[in-house]
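Just so it is clear, none of the values below were taken in a lab; they were calculated from the coordinates. From a predicted model like this one, the values you see are computed outputs, not experimental measurements. All Cβ positions, glycine included, derive from the backbone under ideal geometry; neighbour counts span all protein chains shown.
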Amino acid sequence: MSKFSIADKKVANALILLVIAFVLLTLVQDFLRAELKNSAFYFSESLLYSSFWWLFLPLLFIQYFVVNLQRKKRIAILLAVILLPAFVHLFAFPLLVSAISSIVYFHTYGFQQVLRYTLSEQVYLLVIIYSIPVLIFYFFHKKQHPSANASAISEKSDVSLSQFITTILVSDGNKKLNIVVADIFYFSANPPYINIHLEGKKYLHLETLKSMSIKLNPKQFIRVHKSSIVNIEMVTSYTTRLNGDYDLTMKNNTIIRVSRNFAGNFKNRFVKIHQDTIK
């Protein structure tokens, strides 16, 4: 059974086609250069030096696997994945040309001769070509697969949400009642207490609006005035006072003033909560 996935095979096929294309372009370029300079064109020599492109096939494929396996996005690792294959290519090319020429030709192209040529003419190509795939992969992988970051944020959000209160213990004469936070219409300041308003009922609670606001889910409860926090899900409408302030109407027909300092945030939250019913 093949160990390569469909994606791996596609990458391999793409690399093969690119290498073939660059080899052909090299041959055409050498031919045109010879024609323009009125010099001889040696196909075998041009083909030999086109081995510079042959080496990209195995090295880029290895780089592809290394990048896929690598999970840590550190700068040192990124540079290593780019520079290491470029370094190997830099010395493998003159070694390959020297070895092939010693077998096929009467004249052998020396290792140092080809190395000097590569250093002066093609080092920039090595750096660019081995950099582009890595940078593209890291960029698109981050954009298309943000699951790790999203999961971390989601888990953090879940933890935060679990810290918000869902019930409040209040006094009603001699009784202690545990009321559900979602049933609360709004909180109003009554220093040093706060009033908790439910449908047809109000409770006095020893706390401040500031301390209470920290305990409430901000997706559901929002500050609309220095003396009021409302349950946005209990708000049915709002109207402007034409001075920057607004009046909101609760489901129990209570009207509460929205200060201009809190109006922008309130309107945004109201639209998000009620967007399915707002026209």
field: Angle between the chain longest axis and helix 147-162 axis [Cα atoms, degrees, rounded to 10]
entry: 10 degrees
statement: For the stretch 6-145, the count of lysine pairs 8 or more apart or interchain whose alpha-carbon atoms are under 27 Å apart comes to 12
message: Let me check the size of the chain from its C-alpha atoms; what are the radius of gyration and Dmax in Å?
response: 35.6, 110
statement: Among Leu18, Gly244, Leu126, the residue whose Cα sits farthest towards the positive end of the charge dipole of the chain, when +1 is placed on the Cβ of each Lys and Arg and -1 on the Cβ of each Asp and Glu, is Gly244
message: For a 24 Å ceiling on Cα separation, which of these pairs sit above it: Lys202/Lys272; Lys219/Lys251; Lys201/Lys226?
response: Lys202/Lys272
- prompt: What list do you get for Phe111, Phe65, Phe270 if you sort them by fewest beta carbons within 10 Å?
  reply: Phe65, Phe111, Phe270
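What ranking do Phe91, Phe262 get, fewest neighbouring Cβ atoms within 10 angstrom at the top?
The most exposed by this proxy come first: Phe91, Phe262.
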query: When the convex hull of the C-alpha atoms of the stretch 6-145 is computed, what volume per residue in Å³ does it have?
result: 127 Å³
- prompt: What is the magnitude of the charge dipole of the chain about its Cα centre, with +1 placed on the Cβ of each Lys and Arg, -1 on the Cβ of each Asp and Glu, and no other charges, expressed in debye to the nearest 20?
  reply: 1180 debye
